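Comments concern the structure below.
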Amino acid sequence: MISINDLVNASPYPEFFGSVEVDPLREADALQEAQLLDSRVCHMTSTAALLFELRTSLQFDVGNSALLVVRGLHSFSWKSPTKRVPLAALTVVSSAAERSDDSIHARFEFFPKAHLTAVGDLAEFYVLDVDGIEDVPPDYSSGDLKKVEGALPSWSSACSLLQASISH
């Protein structure tokens, strides 16, 4: 077992864990209906990390969460409406990763309306099985943040690494 945060801080893991069935680093909209739970940017290491909920995903049959790490970060952009919305998951409606000029550009569109772009030297995508969470995501309508967070993967969650993909 390893924590999700350990994966963020580690060197890229070898690909012997098995390639991903659906690879968001190579296939547009592979993360459709997955939910973005959190993102982190570390300026000291030039790293961005995106933590996803996979239990709602249309494409993935294995794993309950995923991690996308962009290393050698050039830019990170987040845009969302200024209007405050009720507690809700950010659901991926569109995703794409493209290589250009020795960089990878990862772009995401979400519902409710939000947009995220990360550009860096390389990206890693990990399909994970987080211990101790139910088969069904939590109900956000309760508005109880602590209860919702307790039923979701977090950076400190222990997990098994099921599949990996690396884009250089």
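Listed values, structure above:
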| read-out | value |
| --- | --- |
| Table column - 3J(HN,Hα) (Hz), the range 99-112, Karplus curve with 6.51, -1.76, 1.60, x for Gly and Pro | 9, 7, 6, 6, 10, 10, 10, 9, 10, 9, 10, 10, 10, x |
| GNM result for the chain, Cα springs below 10 Å: residue of S157, S94, S141 fluctuating most strongly | S141 |
| Computed E for D144/L58 - FRET, C-beta separation, R0 30 angstrom, nearest 0.05 | 0.65 |
| Sequence-distant residues sharing a close amide H with I2 (under 5 Å, placed H) | C159 |
| Cα→Cβ-extended label distance, 7 Å offset, between D129 and V85, nm | 3.2 |
| S77 versus A151: modelled label distance in nm, points set 7 Å from Cα along the beta carbon direction | 3.5 |
| Dipole magnitude (debye, nearest 20) for the chain, charges at Cβ of Lys, Arg, Asp, Glu | 760 |
| Derived scalar couplings ³J(HN,Hα) [the range 68-75; Karplus, 6.51 cos²θ - 1.76 cosθ + 1.60; whole Hz; x for Gly, Pro] | 10, 10, 10, 10, x, 4, 9, 7 |
| Efficiency of FRET between S160 and D102 - r from beta-carbon atoms, R0 35 angstrom, step 0.05 | 0.60 |
| Linear extension gain, V41 paired with S11, 0.36 nm per residue minus alpha-carbon span | 9.2 nm |
| Nitroxide proxy distance, nm - points 7 Å out along Cα→Cβ at S3 and S94 | 3.7 |
| Qualifying trypsin sites (Lys or Arg not before Pro) in the range 70-147, DSSP loop, other Cβ atoms within 10 Å at most 13 | K83, R84, K113 |
| Choice from P137, P86, P112 showing the highest fluctuation, given a GNM over the chain with Cα pairs closer than 10 Å | P86 |
| Anisotropy class of the range 36-109 from Cα gyration tensor, a/c 1.5 cut | oblate |
| For the range 31-43, Karplus couplings with θ = phi - 60° (6.51, -1.76, 1.60), whole Hz, Gly/Pro x | 9, 4, 6, 5, 10, 7, 9, 6, 9, 9, 10, 10, 6 |
| GluC sites (Glu not before Pro) lying in DSSP loop within the range 68-159, provided at most 15 other Cβ fall within 10 Å | E134 |
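The numbers here are math on the coordinates, done by the rules we state, and not lab data. Just so you know, these numbers come straight off a predicted model, no measurement behind them. Neighbour counts run over all protein chains shown; Cβ positions are idealised from the backbone, glycine included.
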